[in-house]
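Asker: Handing you this structure, nothing more for now.
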Amino acid sequence: MSPWTLLVDFDGTISLEDVTDSLLIRFGRPGWDALEADWREGRIGSRECMAGQIALLDCSRSELDEHLASMAIDPAFPAFVAAARDAGMPLKILSDGLDYAIELILARHGLGGLPITANHLVEDGPRRWRLEFPHAKPDCRTASGTCKCAFTQAPIASAGERFVMIGDGASDFCVAGRAQIVFAKKRLLDHCLDTGLPHQPVANFDQALALLPSLLSSLAATHLISQDQGSESHA
Ligand SMILES: [Mg+2]
Ligand SMILES: [Zn+2]
């Protein structure tokens, strides 16, 4: 049985760019940036923000597909997936982005079939799109589209399951506080530093891959857990 489950963000973590942002910049009707500002300043949650933004997308499916075909992923992510599989570590992608985009981008890179939890993109008519939120939770403290924190709790998580969270942004803050260790970059790294969460800074999946052997050794696991308890006692 694996000692660790890997919870991996998509936008800015697996993909080099934020896919939704890149779509809005290219195809957004006026108004999407005002929603973005409302979300950044905490006036609305990401669910409300993204529902409004996706309704402002002006593109056909072929334009969408063509744009998604240009999106790059971290070149070391396929090797990371293979290493996790070899080590028997379950890997789940948890995203507050678009399921259709993630599936298409990963399939293009030979990574179809990974478990993906994300918001559901629906074609709503000619050049019209809508976002549905099958993984939202009414009590989500960040009012996210996909409530990532639910994945570290029953009934989704099993008793004694331990988590490594890998991410880069605000959609990861909530779940990061419930993982035993965070591999963090960008805004998530700042958040871990500010709040004293146990973490390892990583710039990319090359560096995350290099950290997997130490996760697998029980000595390292004990060390990480004692760091976790240490940070709680100082909180
Ligand atoms: Mg992200
Ligand atoms: Zn939540």
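The values are calculated or read from the model by the stated rules, or taken from the named source; none is laboratory data. Just so you know, these numbers come straight off a predicted model, no measurement behind them. Cβ: placed from backbone, ideal geometry, glycine included. Neighbour counts: every protein chain shown. Heads up: the accessible areas ignore ligands, DNA and RNA and are worked out on the full protein's heavy atoms, side chains in. Shrake-Rupley method; radii C 1.70, N 1.55, O 1.52, S 1.80 Å.
Asker: Classify segment 32-75 as rounded, prolate or oblate from the Cα gyration tensor: take a ≥ b ≥ c as the square roots of its eigenvalues, call it rounded if a/c is under 1.5, otherwise prolate when a/b beats b/c and oblate if not. Working shown, then result.
Answerer: Values: a/c = 3.38, a/b = 1.68, b/c = 2.01.
Note, shape of segment 32-75 comes out oblate.
Asker: With the crude spin-label approximation of a point 7 Å out along Cα→Cβ, what separation in nm comes out for residue 214 versus residue 17?
Answerer: If labels sit at residue 214 and residue 17, their model points lie 3.4 nm apart.
Asker: If you don't mind, another one. Give me the distance in nm between label points sitting 7 Å out from Cα along the Cα-to-Cβ direction at residue 33 and residue 128, one decimal.
Answerer: In this crude spin-label approximation the distance works out to 2.7 nm.
Asker: Compute the Rg to Rh ratio over the chain from the alpha carbon atoms, using the Kirkwood formula for Rh, and round to two decimal places.
Answerer: Details: Rg = 17.8 Å, Rh = 18.3 Å.
Rounded to two decimals, Rg/Rh equals 0.97.
Asker: Comparing 93, 25, 54, which has the greatest mean-square fluctuation in the GNM of the chain with Cα pairs linked when under 10 Å apart?
Answerer: 25
Asker: Lys and Arg at +1, Asp and Glu at -1: add these up for the other residues within a Cβ distance under 12 Å of residue 209 and post the number.
Answerer: Combined, the nearby Lys, Arg, Asp and Glu give -3.
Asker: Of 41, 63, 17, which is the most mobile in a GNM of the chain whose springs link Cα atoms less than 10 angstrom apart?
Answerer: 41
Asker: Tell me the accessible surface of residue 186 in square angstrom (1.4 angstrom probe, heavy atoms of protein chains only), to the nearest ten.
Answerer: Its heavy atoms expose roughly 110 Å² to the probe.
Asker: Also, I was wondering about something else. Do you know the relative contact order of the chain, to the nearest whole percent, from alpha carbon pairs under 8 angstrom that are 6+ apart?
Answerer: Details: 394 pairs, mean separation 51.8, N = 235.
Rounded, it is 22 percent for the chain.
Asker: Report Rg(Cα)/(2.2 N^0.38 Å) for segment 52-173, keeping two decimals. Present the calculation step by step, with values, prior to reporting the outcome.
Answerer: Numbers: Rg = 15.8 Å, N = 122, 2.2 N^0.38 = 13.7 Å.
Rg over 2.2 N^0.38 Å, computed on Cα atoms: 1.16.
Asker: Just from its helices, what would the mean residue ellipticity at 222 nm be for the chain, if runs of 4 or more DSSP H residues each count -39500 (n - 2.57) and the sum is divided by every residue, rounded to the nearest 500 deg cm²/dmol? Provide the component values of the computation, followed by the final result.
Answerer: Working: 10 runs with 98 residues, N = 235.
-12000 deg cm²/dmol, from helical runs alone.
Asker: Moving to a separate point now. Separation between the residue 109 and residue 92 pseudo-spin-labels, each 7 Å from Cα along Cα→Cβ, expressed in nm?
Answerer: Here the answer is 2.1 nm between the modelled labels.
Asker: What value does segment 164-217 have for Rg/Rh, both radii from Cα atoms and Rh as Kirkwood defines it?
Answerer: On the way: Rg = 10.3 Å, Rh = 10.9 Å.
A ratio of 0.94.
Asker: How large a share of the accessible area of the chain, in percent, is made up of carbon and sulfur atoms when the probe is 1.4 Å and the other protein chains stay in place? Kindly include the intermediate steps, with their values, before the conclusion.
Answerer: Numbers: 5900 of 10840 Å².
On the chain, the fraction of accessible area on carbon and sulfur atoms equals 54 percent.
Asker: Among 21, 86, 65, whose mean-square fluctuation peaks in a Gaussian network model of the chain (Cα, cutoff 10 Å)?
Answerer: Among 21, 86, 65, the largest GNM mean-square fluctuation belongs to 86.
Asker: Moving on to the next point. With both partners inside segment 5-234, how many of the DSSP beta bridges are antiparallel, as a percent to the nearest 5?
Answerer: Working: 7 of 25 bridges.
If I count the DSSP bridges inside segment 5-234, around 30 percent turn out antiparallel.
Asker: Please calculate the 1.4 Å probe accessible area of residue 192, with all protein chains present, and give it to the nearest 10 Å².
Answerer: Spelled out: residue 192, probe radius 1.4 Å, area about 0 Å².
Asker: Keeping all protein chains in position, work out how much accessible area residue 46 exposes to a 1.4 Å probe, and write it in Å² to the nearest 10.
Answerer: 10
Asker: Right, another one. Give the distance, in whole Å, between the Cα centre of segment 156-184 and the Cα centre of segment 36-108.
Answerer: Taking the Cα centre of each part, segment 156-184 and segment 36-108 sit 18 Å apart.
Asker: Then there is this: Assuming R0 = 35 Å, what is the FRET efficiency of residue 58 and residue 141, from their Cβ-Cβ distance, to the nearest 0.05?
Answerer: Details: r = 33 Å, r/R0 = 0.94.
The value I calculate is 0.60.
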